[in-house]
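Values in this text are rule-based calculations from the coordinates and carry no lab data. In this text, all values refer to a predicted model and were calculated from it rather than measured experimentally. Cβ placement follows ideal geometry from the backbone for every residue including glycine, while neighbour counts extend to all protein chains displayed.
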């Protein structure tokens, strides 16, 4: 693993990946570093990324293409159990590429992380301002992912251009109470 100053210097968006598989332990570490539980104080679980009011309105889903020991498919990350919950098995490379406006980055990557927001988790306290905080939270989480991927000599590319309805349908969410807001492709960087 790279030290922080070297990680910051080397972090960049990677848009081309090899066909190498991600290791299951690498994926577990990426998930923990991105939105995992960092500590428990007074019975409350705090995570690795900051969140407005510690309300944590984000959920993490994954489209796995190539991870050693885990079948390809769509999964939800259970933060509480630090485990993947299977939603649909199969090859979703073309589906996620189409949903991201034809970006080949999302089908070449070993994994695509998708963050959704459950707006009410934040809205009950912050009302209209909650929308701002939800997107700030997504930025914190994506930066954690980008830096962690770099420290593991992996590449990542954050994706904001996607068809909301197609991604929401892939995840089986309604797009109203819970909606996709940000994606990131992760894999072994190509040298081309």
TODO: Describe numerically, in nm with one decimal, the distance between label points set 7 Å from Cα along Cα→Cβ at residue 12 and at residue 129.
DONE: 3.9
Open item on the list: Per DSSP helix of 4 or more residues, -39500 (n - 2.57); summed, then divided by the residues of the chain. What does that give at 222 nm, rounded to the nearest 500?
Closed with: -10000 deg cm²/dmol
Task: Relative contact order for the chain, counting Cα pairs under 8 Å that sit 6 or more residues apart, in percent - done: 30
Task: GNM flexibility winner over the chain from 93, 26, 158 (Cα, springs under 10 Å) - done: 26
Open item on the list: Please compute the Kirkwood hydrodynamic radius of the range 59-109 from all pairs of different C-alpha atoms, in Å with one decimal.
Closed with: 11.4
Open item on the list: Pick from 115, 124, 32 the residue whose mean-square fluctuation is largest in a GNM of the chain, springs joining Cα atoms under 10 Å.
Closed with: 124
Open item on the list: Test of understanding: what is the full-extension gain from residue 72 to residue 158, defined as 0.36 nm times their sequence separation minus their Cα-Cα distance?
Closed with: 28.9 nm
Open item on the list: Can you compute the modelled spin-label distance between residue 86 and residue 54, with each label point 7 Å from Cα toward Cβ, in nm?
Closed with: 3.6
TODO: Set the Förster radius R0 to 35 Å, insert the Cβ-Cβ distance between residue 94 and residue 5 as r into 1/(1 + (r/R0)^6), and round the FRET efficiency to 0.05.
DONE: 0.35
